[in-house]
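Following: one structure in structure tokens, then a few remarks.
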Amino acid sequence: MEIGILDGPKKLLLVGAHPDDPEFACGGSLLRWVSQGAEVHYLICTSGDKGSKDPEMTSQRLAAIREPEQMEAARRIGVAGVTFLREPDGEFQVSLSNRERITRRIRELRPDILITHDPWRRYQIHPDHRAVGLCTLDAMVAARDHLFFPHLIGEGLVPHDAREMLLYG
């Protein structure tokens with residue numbers, strides 16, 4: 001795949017750690033892909049409630065600001081849907097429960113392409129970026145194999161094998 005070119009309309013799921021990560025990481029590419037007919041969805045794992053240097057800001061106020069900002073940015077790009085897991089900023093863990101949550105969304109949307117943080121990027125210091133990247137890669141495997149989370153099949157969420165994984169950062 002040539003960078004920036006999709007072979008016809010596709011469905012993409014971007015799994016990001018924080019509100020604003022999708023736009024900072026690949027907003028231009030997302031806009032281009034939407035203009036080519038791609039259906040883009042976001043799964044945002046944390047509330048981004050620690051990312052302020054304002055000593056008067058609280059985590060609750062910041063989370064209440066970040067989510068609507070993310071929705072507006074997604075709207076401007078033409079994103080089809082945004083799902084928030086609302087974990088506290090800096091506390092997302094590579095865990096079986098988080099893997100299942102991401103697997104669930106992959107099986108619900110059935111994307112051709114998954115996009116997430118590169119967890120192996122040199123000097124990737126934010127723990128949420130590393131954890132979300134690793135957890136998404138683990139979920140990609142779980143989403144395609146029927147013996148992972150078999151109860152999801154009973155909910156109608158059958159296995160799905162995304163064609164490609166793109167890592168940003």
With every protein chain in place, the accessible area of Trp33 for a 1.4 Å probe, in Å² rounded to the nearest 10, comes to 20 Å²
For the chain, the accessible surface attributable to carbon and sulfur atoms (probe 1.4 angstrom, ligands and nucleic acids excluded) amounts in percent to 54 percent
Over the chain, with neighbouring protein chains present, the accessible area per residue in Å² at probe 1.4 Å is 51 Å²
Output ordering of 150-156, 16-22, 45-51, 103-109 (per-residue mean of other Cβ within 10 Å, highest first) is 16-22, 45-51, 103-109, 150-156
Helix-only [θ] at 222 nm, the chain, -39500 (n - 2.57) per DSSP H run of 4+, per residue, nearest 500, equals -13500 deg cm²/dmol
Among (i) 15.6, 49; (ii) 17.8, 58; (iii) 19.9, 75, the value of Rg and Dmax of the Cα atoms in Å computed for this structure carries the label (i)
Looking only at aspartates and glutamates whose Cα falls under 14 Å of Lys11's and that sit 8 or more positions away or on another chain, we get Glu39, Glu108, Asp112, Asp161, Glu164
With +1 on the Cβ of every Lys and Arg and -1 on the Cβ of every Asp and Glu, the dipole magnitude of the chain about its Cα centre, in debye rounded to the nearest 20, is 160 debye
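The values are calculated or read from the model by the stated rules, or taken from the named source; none is laboratory data. Only a predicted model underlies this, so the values are computations on that prediction, with no experimental measurement involved. Every residue, glycine among them, receives a Cβ derived from its backbone with ideal geometry; neighbour counts consider all protein chains shown. Ligands, DNA and RNA are stripped out before the accessible areas are found, and what is left, the full protein with its side chains, is counted by its heavy atoms. Shrake-Rupley method; radii C 1.70, N 1.55, O 1.52, S 1.80 Å.
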